[in-house]
There are 2 protein chains.
Amino acid sequence: MMNDLSVVAESIKRCQRPIICGHVMPDGDSLGSVLALGLGLHLLGKQVTMASSDPLPELYSFLPGINEMIVGEVSPEAFDLLIVVDCSVPDRLGSALLPLYESGLTTVVLDHHVNDQPFGDFNYVRSSAAATGEIIMDLLEALGIPLNTDLAINLYTAIVTDTGSFRYENTTSETHRRVARLLEYDIPVARLSNLIFSEQPISQIRLLEAVLSTLEVSENGQLATISLSRQTQESVGANDQQIEGMINYARNIQNVEVAMFFRELDEQRIKISFRSKYYIDVNLFAKKFGGGGHVRASGCTVEGTLSEVKDRVVKEAQGLFRGC
Amino acid sequence: MMNDLSVVAESIKRCQRPIICGHVMPDGDSLGSVLALGLGLHLLGKQVTMASSDPLPELYSFLPGINEMIVGEVSPEAFDLLIVVDCSVPDRLGSALLPLYESGLTTVVLDHHVNDQPFGDFNYVRSSAAATGEIIMDLLEALGIPLNTDLAINLYTAIVTDTGSFRYENTTSETHRRVARLLEYDIPVARLSNLIFSEQPISQIRLLEAVLSTLEVSENGQLATISLSRQTQESVGANDQQIEGMINYARNIQNVEVAMFFRELDEQRIKISFRSKYYIDVNLFAKKFGGGGHVRASGCTVEGTLSEVKDRVVKEAQGLFRGC
C-alpha cells in the first residue's frame, strides 16, 4: 500500500471521467466528501459522476450539488477512474456500485477508518483524521482547487457530523484548524446545526415518550432501566437505529452508573443492552447471561417474558453496587 | 469608554491583590473565564481571589481551580482591583458582590455582550467574541502568560458552553482558530462534552416524559402542541429553566413549523410559548392574545383553564396554515 496524498492527487489529475462513490446508508461525512471532491473536480474540467448505492437521506437535501448525485447502478464503461471515499472494504460500496470495482476500473481509496489493507490501486488512509472530509480538504489543496462556499458547506457537514459537533474523541486541534478555514466562507452554522442535529421524526418522539414511561431508577440512583414491548415498538413505527439510541436517555441521567434497556424480540426472548459510565464492567456482567461486548457497552439475549427477565437481571445487578 | 486590550492589560499588571468575579447563576463562560484569568494571574505572582455571589453548579466541579473560588460576601478592603467578567451591568454581580463595585474599587470589565456603556474604569468589550473566554485568552497573551492544560480546560469550557458546542450563530472562524490552539493541550474533549451536554437530572427526564405524553400534532403535521399542568409540574420537581427548554422537543419535530407550549400558572391563567421554524410570524400571532416577542419566538398569558385556552388558541392557529 502507498499512502502519499501527492501520488493520489497525480492519479486523479490524469483522469477525465471519474466516478466518485461513498458508502451504503450514506451519512454526512460520506456525502459531504463525495460532493466536495465532485464539485472540486468539476472546477478542474473533469466530467464527474457522483453516485450512491442507497437512497440519499432527505436530511441532507441542503448539501450543494446533491441533486446531481445518481442513486443506483451505473455502467463501468463510462468511466476511467473509480474514487471511493469513506469505505474500508469494497462491500461498503453497496450492491449497486460494487460492480464498478469488480470491473477492474483503476481505483482510488480515500478513507479515515483504521485499515492496513486498503483495496485501491492508489490509497490514502489517515486514521487520525476525524472525518474523510478532512482528507478531501487536503486533497483539494494538493490539486490546486481553491475553496468556495459550496465546497466549504460540504466539507463542514462532513466534519461536523463525524465529530458529533466537535464532541467526540476524534476531534483534534487540526480539526478545528480546518474548520476555521471553512468558516471563512459563508456557512450558515446555526441553520446547518439545526438541520443536522435538532430535527427528529415524530416516530422518534413517540418512541421516546413510550420508553420514558417505563423508566425506573434504583433506590441508590445508580441503576436506570427502560423497556420496550413488541407491541409498543410496532405502534410507534420507529426503526432499529432510533430504538438503539434510547439507552442514552437512561445512561445520561445524573448519578446513574449503569443503564439497562430491555427490548422484547418475541414473547420468549428479550434483548438487553447495558451501558456504564465510569467504573462498572458491563462486559463482565453481560457474560453472566451469555452475552458480552465492551467494558462500558455490552448486551445479551435472554429467554423469558419481559417482566421475568427484567426482574432476574435487575436482582443480579444489585451485587454490582455493593460497597459503592 | 476605552476599548483597548493593552490598556486593560497594563491596569491588571499594576495590581497586586485583584478579585475576579463573574455573574449570578454562573454558567460555563462565566466560571471558565474567572478561573482562566485567576489561575493565569496567579502565575504572574498576584495574590488572586476568585468569587461568585451564587453557588457553583455541581456540573462544573471538574474545572481546574474551582475549589479555590469563594461563594458569597467578601470585604472590599482586601483588594486593589475588581475584575468583572461576562457582566454587562453591575447588578449581574449579584447582591453579595455588588458592594465591591459600590465601594469604589478600581474596576476592569471584560465582556462579550453588546454594551455601549460598560461600567468599569477600564473596559474591554468585544461583542463579536462568541464567549468572554475568547477575550480572556487574548488577555492572557497580552499579559505574556503562557497557556497550560488547566488554563486551556477553563477556556475551552467557556467557549464550548457559550457556542452550544460550536452550533450557535456566534461561532466564527476565530472561535475555531482559538479552540485549535487550546486543543494542543491535554483536553479530554469527549469526557468534558459528556459532562457538559449529556448529563440530565432525573427531574428533567420525568418532566420530559410528562410533557411528551401531552404531545399533539395537527393533521397537516405543521403544528405541535404540548402542555403542563400545575400539578404535574409540582410532582416532577423541575425548575423554570428545564420547563422552558421543553418547547424545543415540539419545535424540532420534522415538518413542524409552529410549536406551542401551554403551561398552567394557576387555575385561570395559562402561559403560552410559541416557536416557529422558517416562515410563520409568531410575534404577530402572540399579539392576538395580548403577547409578543420575536418573529420565531414569542409568548403570551391567557385567562381560562388549560383545556379552554388550548382549544381557543389551536383553533385560531388554523388560519396560519391556510394555503400552505
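Here are the numbers for this structure:
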{"quantity": "Computed over segment A:17-75, the ratio Rg/Rh where both radii use C-alpha atoms and Rh is Kirkwood", "calculated": "0.93"}
{"quantity": "Two-site label geometry, A:S127 and A:I70: point separation in nm, points 7 Å out along Cα→Cβ", "calculated": "3.4"}
{"quantity": "Semi-axis lengths, Å, segment A:90-147, gyration tensor of Cα atoms, sqrt of 5 times eigenvalues", "calculated": "22, 14, 10"}
{"quantity": "Fewest-first sequence of B:T149, B:T175, A:T214 by Cβ atoms within 10 Å of each Cβ", "calculated": "B:T149, A:T214, B:T175"}
{"quantity": "Segment B:1-90: GluC sites (Glu not before Pro) in DSSP loop, at most 15 other beta carbons within 10 Å", "calculated": "B:E73"}
{"quantity": "Calculated P(r) of segment B:5-198 - Cα pairs past 21 Å, %", "calculated": "44"}
{"quantity": "Förster-model FRET efficiency, 25 Å R0, A:V7 and A:Q47, C-beta, rounded to 0.05", "calculated": "0.65"}
{"quantity": "Extent along principal axes [Cα atoms of segment A:144-216; Å; largest to smallest]", "calculated": "56, 24, 17"}
{"quantity": "Rg to Rh quotient for segment A:107-188, alpha carbon positions, Kirkwood Rh", "calculated": "0.98"}
{"quantity": "Size of charge dipole - segment A:202-321 - debye, nearest 20, with Cβ of Lys, Arg +1 and Asp, Glu -1, no other charges", "calculated": "320"}
{"quantity": "Top of B:S193, B:S203, B:S33 by mean-square fluctuation, Gaussian network on chain B, Cα under 10 Å", "calculated": "B:S203"}
{"quantity": "Relative exposure of B:S53, B:S6, A:S30, judged by other C-beta atoms within 10 Å (fewest first)", "calculated": "B:S6, B:S53, A:S30"}
{"quantity": "Cα-based Rg and Dmax for segment B:178-305, where Dmax is the largest Cα-Cα distance (Å)", "calculated": "17.7, 58"}
{"quantity": "Once the Cα gyration tensor of segment A:47-104 is diagonalised, semi-axes √(5λ) in Å", "calculated": "20, 14, 10"}
{"quantity": "Set of segment B:222-246 residues, backbone N closer than 13 Å to the point 7 Å along the Cα-Cβ line of B:V314", "calculated": "B:222-228"}
{"quantity": "Net charge of Cβ neighbours under 13 Å - reference B:E209; Lys, Arg +1; Asp, Glu -1", "calculated": "0"}
{"quantity": "Euclidean distance of C-alpha centroids, segment A:79-146 and segment B:271-322, integer Å", "calculated": "51"}
{"quantity": "As computed over segment B:22-123, the Cα convex hull volume per residue (Å³)", "calculated": "94"}
{"quantity": "Residue of B:V189, B:V125, B:V34 that the Gaussian network model of chain B assigns the largest fluctuation, springs spanning Cα pairs under 10 Å", "calculated": "B:V189"}
{"quantity": "Proportion of all alpha-carbon pairs of chain A beyond 32 Å (%)", "calculated": "41"}
{"quantity": "Calculated log₁₀ intensity ratio I(q)/I(0) where the Debye formula runs over C-alpha points of segment A:231-300, q = 0.14, 0.16 Å⁻¹", "calculated": "-0.45, -0.58"}
{"quantity": "Max mean-square fluctuation residue, GNM over chain B, Cα-Cα springs under 10 Å, options B:F62, B:F197, B:F289", "calculated": "B:F289"}
{"quantity": "DSSP-defined beta bridges in the protein assembly as shown - what % are antiparallel, rounded to 5", "calculated": "45"}
{"quantity": "Computed FRET value (nearest 0.05) for A:H294 with B:Q241, which takes r as the C-beta separation and R₀ as 35 Å", "calculated": "0.50"}
{"quantity": "Net +/- balance of residues flanking A:G38 in space, Cβ distance below 13 Å, scoring K and R +1, D and E -1", "calculated": "0"}
{"quantity": "Bins of 10 Å from zero: percent of alpha-carbon pairs in the protein assembly as shown", "calculated": "3, 13, 19, 23, 23, 14, 4, 1, 0"}
{"quantity": "Estimated inter-spin distance, A:K287 and B:R17, nm [label 7 Å along Cα→Cβ]", "calculated": "6.1"}
{"quantity": "Dipole moment magnitude, nearest 20 debye, chain B about Cα centre, only Lys, Arg, Asp, Glu C-beta charged", "calculated": "840"}
{"quantity": "Dipole magnitude of segment B:5-198 about its Cα centre (Cβ charges: Lys, Arg +1; Asp, Glu -1), debye to nearest 20", "calculated": "400"}
{"quantity": "Prolate/oblate/rounded call for segment B:193-267, Cα gyration tensor, a/c under 1.5 rounded", "calculated": "oblate"}
{"quantity": "Distance-filtered residues of segment A:267-310 - backbone nitrogen under 13 Å, label point 7 angstrom along A:E216 Cα→Cβ", "calculated": "A:306-310"}
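Quick note: the coordinates plus some simple rules give every number you see, no bench work behind them. It should be emphasised that the depicted structure is a prediction, and the values quoted were computed from it without experimental measurement. Methodologically, a virtual Cβ is constructed for each residue, glycine included, from the backbone with ideal geometry; neighbour enumeration extends over all protein chains shown.
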